[in-house]
Ligand SMILES: NC(=O)C1=CN([C@@H]2O[C@H](COP(=O)(O)OP(=O)(O)OC[C@H]3O[C@@H](n4cnc5c(N)ncnc54)[C@H](OP(=O)(O)O)[C@@H]3O)[C@@H](O)[C@H]2O)C=CC1
Ligand SMILES: CC(=O)N[C@@H](CCC(=O)OP(=O)(O)O)C(=O)O
């Protein structure tokens, strides 16, 4: 049985990458609107209601409007925007964290944010199993490629090619904080420092841990072992067992599209400090790859079908 899929926002950065991952997949029949009709509300409403699954790759307000256009109880939604990530009635589309069956059975799935994918992927299993405290002021330092800001930021970085690094979120309260807190179960909002680097794609998300002054003083090796056990069997999330080769971590500007999530735990010899680091593609597991993973599950297919791993 084929599943009909409409990508609303198919001309955008995330939408195009989802379409690439679905190209040639006989399990899916794509519903498309031409350029003249892709922002026509009547045409969008018709496509949305014709689809078994609609994937929203839109700004938040347009995503809310699109959901309001659904007039049947058949159409399922995967929303890539921030609009529904902590909303009632929506499942957070991080199958490794919320459970594959939960995603598979949901009609409303919100795709996790790109930075939260790294933050939650590292921290949620360790807080949920009690190895790290829920009541701790975690920090999160992160960089992303400029495609993380969609067409507008891609245009800016292509026009101003001498920008090497752009720190932002300088007034705090980044839109990702609510989901970062909700799905890690942490009691205190993380101190989040995002930045954009001069690469098209790629993302590094780091949580520094002053283990020596934290409750429990759990060794880094135990944190790594717990993450390894938690993600055992996953073909999407991997946990590095050794230090990166040559003692360095690299994000290459020419990174190929990639739908995995690589987690690293590095601890100091004296046990006082650790660094939890997640490496991903903001357009892969951080957006389009995650949407395709959820779509596969919702269509009853292997979760990794069509993924770039
Ligand atoms: N880029 C990334 O790494 C990530 C993005 N996301 C989220 O995914 C969503 C899409 O982001 P992204 O692809 O980067 O953004 P883009 O700006 O690249 O694409 C958004 C697309 O939506 C279209 N659009 C805007 N308003 C409407 C409307 N009312 N009806 C139909 N189409 C509309 C735009 O049209 P036009 O082409 O005319 O501008 C554009 O093609 C956002 O909510 C973003 O937060 C989530 C995680 C990571
Ligand atoms: C570089 C850049 O601006 N990144 C965006 C996040 C990427 C995005 O828009 O995705 P979400 O839907 O996950 O928020 C930001 O920090 O607001």
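Quick notes
- Whole-angstrom gap from the stretch 183-222 to the stretch 75-127, using each part's C-alpha centre: 19
- In degrees, nearest ten, helix 41-50 long axis to first principal axis of the chain (Cα): 80
- Global form of the chain, assessed from the alpha-carbon gyration tensor, a/c cut-off 1.5: prolate
- Cα-based helix-to-principal-axis angle, 220-230 vs the chain, degrees rounded to 10: 30
- Helix 289-298 and the long axis of the chain differ in direction by around 60°, with both axes built from C-alpha atoms.
- Mean ellipticity per residue at 222 nm, deg cm²/dmol - from DSSP H runs of n ≥ 4 across the chain, formula -39500 (n - 2.57): -8500 deg cm²/dmol
Computed from the coordinates by the stated procedures, all read-outs in this text should not be read as laboratory data. Computed from a predicted structure; not experimentally measured.
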